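Participant: Submitted below is the structure of interest, expressed as C-alpha cells.
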Amino acid sequence: MTVLTTLQSSPAHPQPVMPEGNLRGLHQTFLLEENAYALAQSFLQEQLQHAAQLTEQLPADPSTWHAWMADHCAEVARQYADYLQQRKAGGPRQFFTNKAHALYFLQAVAPTKLVDGAWLFGLLPQWRDPRFSGLLCTYLEELGEGNPAQNHVLIYRKLLAEHDLEHSSVIPDERYLQGTLQLALGVCGAEFLPEVIGYNLGYEQLPLHLLISSYELSELGIDPYYFTLHVTIDNASTGHAQKAVQAALDLLPLEADRAEFLRRVSLGYRLNDLGQGSRAIIEGFDLERELLAMLERKCPFAQHMHSDYCRFDGRTVNQWLAEPQHLPGFLQALQDKGWIKRHEDPQASRFWQLIDGDGAAMFGVFGAYEKQLVHDWIAGDWTPASKPGVSRRRAQGKPPIEVPEQDPDVQQLNAALQGQDGHAQMAVLMPWLAPARHAHPAGLLATRRFIELKSSLG
C-alpha cells in the first residue's frame, strides 16, 4: 500500500456549490470553519484544472531535482549580485518607487502572508512517519516553533500594524487566491498529498523578488525582517528549499502509480503560478489611482463635514466631495489655488499641513498609509536631502516565553491535556496548530508542547 492510498481515508462528501467571485469569503471559511472539507476539495479541483493549462516547469526526472534547485539558487544569487551592482552604480530602486508603493505591496500580499505555511497543516497527523519530518519541520518553523517572536504570522501582523495596514476591506478579492489555495491544501492535505508536496516544492524555492524586496524595504525605512527571515530559512543548503526536495523524493511511491503521483506533484507545483504574483502586484501600482480610490472611500464620511466658507473654482468642499468623479478636478483646484505644490517638499503645501501633525485641523482623518499616499503624490519628483532611517530588527538573545495562564484558551488547553498520555495529548494539540489558532497564546503553547512530545515519542 502506498503513502497516497494510506492517506486517502476521508469519507465521501457531497459536492458543494462553489461561490463565484468570493475568494475572500472562501478564505475566511477555510480559515475559521472546521467542516469546510467538501468546499475546499471542490475549490482545489477547480484550481487544479486551471493549473493544468499552465506551462510545465518542474523537471520530469526527480533525480535531477537537487541539481535543479541548486542551479536555480545560483541563478537567483547571480541576478541579485547584478542588481546590487546596478544600485551601487547609482541606479534607482527597481520595485518600489516610493514608500506608499511599498506599503501598498505589503497590504496586497497580506491575505497570503497571514496564513504562511497553511498548506502543510493537514500533514500533522503523519508526525510518526520519518518521511514527513522535513515537511513538518518546515511547518513548525513557519509557526516559530511556538516562539511569538519567530511566528511568521505574528511577525507580519506586527509589520502591518506598524504602518496602519490592517484594513483588509480595501484588498481586491482576487488577491485572496493564493492564501485561499494554501488554506484549502491544509484542509485537504490527506487526499491531496502529491499536490501539497508539489506546491511546497515550488513555494519554498528562493525567489529573486524576496531579496530585492528586503533591500528596498530597508531603504525606505520599513522593517524587512519578515522577508530577510525567509531569505535565510528557505536556503538551498539546509533550509526549506532543500527539505522540500528531499521530502518529495522520500514520499515518491515505489510501485506502479509513481507516474500518476508525479503528474499530481507537477500540478501542485503549478498552483503557485495562479493569480497575481508579487512582481505583478508591484508593477500594477499607480500612485494617483490609489490616491483617488482612497479619497473616494472617504467621500461618504467627509462630504457633509466641511463648512461652505472656503470655495475652490466656485464650489464648496462638500460639493467637490459629493461625487467621486469630481475628485481629480478637486485635486487640480487645490493645486491651482496653491494649497498643493506638486514636486516639492510636502511641508510647503497647505493641504499637507492640514492633515499632518498633532495640531493639524484634520488630525486623525487619514491613517498612516493614507497619509503616505498623499505625501508621496505631492512630493512627486522631489526627494529629501536625507534618507529615512532604516528600521531593522537587531539580533538578540531569546527572551523567556511568557504563558498567560489566565487566558481562557490556555486554561482550556491545559485542562484538556490533564491526565492524558503522550499520544492522546498529540491528538488534543494538533487542532491548536491550525492556521487560525497557532498565533494565539494557546496555539503557541500547543506548538511548543507538540514539538516536545514529537521528539520524546518519535
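Any read-out appearing in this document is the output of simple, stated calculations on the displayed coordinates, not a laboratory observation. Given the structure is predicted, the values throughout are model-derived calculations rather than measurements. Note that each Cβ is placed from the backbone with ideal geometry, even for glycine, and that neighbours are counted across all protein chains shown.
Participant: Report, in degrees rounded to the nearest 10, the 0 to 90 angle that the Cα long axis of helix 208-219 makes with the longest principal axis of the chain.
Facilitator: With rounding to tens, the tilt is 40 degrees.
Participant: List, in order, the whole-Hz ³J(HN,Hα) value for each residue of the stretch 126-138 obtained from phi through the Karplus relation with A = 6.51, B = -1.76, C = 1.60 and θ = phi - 60°; use x for Gly and Pro.
Facilitator: For the stretch 126-138, the Karplus curve yields 8, 5, 7, 8, x, 5, 9, 4, x, 5, 5, 4, 4 Hz.
Participant: Also, quick follow-up: For an R0 of 41 angstrom, estimate the FRET efficiency from the Cβ-Cβ distance between LEU249 and GLU405 and round to the nearest 0.05.
Facilitator: In this case the efficiency is close to 0.40.
Participant: How much length is gained on full extension from LEU274 to GLN335, taking 0.36 nm per residue of separation minus their Cα-Cα distance?
Facilitator: 17.8 nm
Participant: Using label points projected 7 Å from each Cα along Cα→Cβ, tell me how many nm separate ARG342 and THR383, to one decimal.
Facilitator: Distance between label points: 2.0 nm.
Participant: Let me ask something else about it. Which loop-located chymotrypsin sites (Phe, Trp or Tyr not before Pro) does the stretch 116-172 contain, where loop means any DSSP state but H, G, I, E or B and the Cβ has at most 12 other Cβ atoms within 10 Å?
Facilitator: Filter output for the stretch 116-172: empty list.
Participant: In addition: For Cα pairs less than 8 Å apart in space and 6+ apart in sequence, what is the mean separation divided by the residue count of the chain, i.e. the relative contact order in percent?
Facilitator: Computed over the chain, the figure is 20 percent.
Participant: If one puts a single equal scatterer on every Cα of the stretch 408-457 and applies the Debye formula without solvent, what log₁₀ I(q)/I(0) results at q = 0.16, 0.30 Å⁻¹?
Facilitator: Those come out to -0.37, -1.21, one per q.
Participant: Can you tell me the 0 to 90 degree angle between the C-alpha axis of helix 441-457 and the longest principal axis of the chain, rounded to 10?
Facilitator: 30
Participant: Go through the stretch 61-71 residue by residue and turn each phi into a ³J(HN,Hα) via Karplus (6.51, -1.76, 1.60, θ = phi - 60°); whole Hz please, and just put x for glycine and proline.
Facilitator: Values per residue, Gly and Pro as x: 8, x, 5, 9, 5, 4, 5, 4, 5, 4, 5 Hz.
Participant: Subtracting the Cα-Cα distance from 0.36 nm times the residue separation, let me have the gained length for THR97 to ASN318 in nm, one decimal.
Facilitator: 76.3 nm
Participant: Still on this structure, I have one more. Pairs of lysine in the chain with Cα under 19 Å and at least 8 positions apart or on different chains: total?
Facilitator: 10
Participant: Still on this model: What is the chain by shape, rounded, prolate or oblate, if you read a ≥ b ≥ c off the alpha carbon gyration tensor as root eigenvalues and call it rounded for a/c under 1.5, prolate for a/b larger than b/c, and oblate otherwise?
Facilitator: The shape class here is prolate.
Participant: May I pose another question? Using a simple spin-label model with points 7 Å from Cα along the Cα→Cβ vector, what separation in nm is obtained for ALA259 and GLN353?
Facilitator: Using points 7 Å along Cα→Cβ, the separation is 7.7 nm.
Participant: Using θ = phi - 60° and the Karplus curve 6.51 cos²θ - 1.76 cosθ + 1.60, what whole-Hz ³J(HN,Hα) does each residue of the stretch 326-336 get, with Gly and Pro shown as x?
Facilitator: 7, 4, x, x, 5, 4, 5, 5, 5, 5, 4
Participant: By how many degrees, between 0 and 90 and to the nearest 10, does the Cα long axis of helix 23-32 differ from the longest principal axis of the chain?
Facilitator: 50
Participant: I've got another one for you. Just to be sure I understand the model, the point goes 7 Å from the Cα along the line to the Cβ. What's the resulting MET362 to ILE171 distance in nm?
Facilitator: 2.7
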